[in-house]
Amino acid sequence: MAGEKVRRNVMDAQRLASLLQRGVEHTLVIDSRTFSEYNSSHVLSSVNVCCSKLVKRRLQQDKVSITDLLQPNSKIKMDVKRKQEVVVYDQNTRDASLLASDSFVHILLGKLNSNFHRVSLLTGRRPCQCCVSLSC
């Protein structure tokens, strides 16, 4: 499996804005940036999952489940049995195919894929500082 390329679902900011306008209860948005970056600006209704080395290692070793990681932070009801769409974003990823297999986002996406119906990575233009709801 090492070196194996995994095709990732990707989403652009306009598609995410459209999903959120229809209602946040069907979309779980995960911000995988640091806590300070999340606090300075984030997509409205997103949940922060800290990208620390400790969290990464615990995910890799299956010492923490993705639902345990998300549930205390979740602002919306999370239901893994329901067909809930999940969108992950970070600070720098522009091309999902370039994610290193040992990167936090790659590991997070893998764990999310095994628990949710559809998981996408937000690529392209990032939310600007003035409009954390992606409306501009």
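What follows is calculated from the coordinates using simple rules that are stated; it is not laboratory data. Computed from a prediction, not measured in an experiment: that's the story for all the values here. Positions of Cβ are generated from backbone atoms using ideal geometry, with glycine treated the same way; all protein chains shown enter the neighbour counts.
Brief remarks on what is shown
- FRET E, pair residue 52, residue 117, Förster distance 25 Å, beta-carbon r, rounded to 0.05: 0.35
- Taking amide H as placed 1.01 Å from N in the peptide plane, residue 47 has its amide H under 5 Å from the amide H of 29, 30, 31, each at least 5 places away in sequence or on another chain.
- Toward the positive end of the charge dipole of region 9-122, with +1 on the Cβ of Lys and Arg and -1 on the Cβ of Asp and Glu, the farthest Cα among 121, 40, 107 is that of 107.
- Rounded to the nearest 20 debye, the dipole magnitude of region 9-122 is 280 debye, with +1 charges on Lys and Arg beta carbons, -1 on Asp and Glu beta carbons, and the Cα centre as origin.
- Distant-in-sequence amide H partners of residue 11 (H built 1.01 Å from N, under 5 Å): 121, 122, 123
- Net length available on complete extension from residue 35 to residue 103 is 22.7 nm, with 0.36 nm assigned per residue and the Cα-Cα distance removed.
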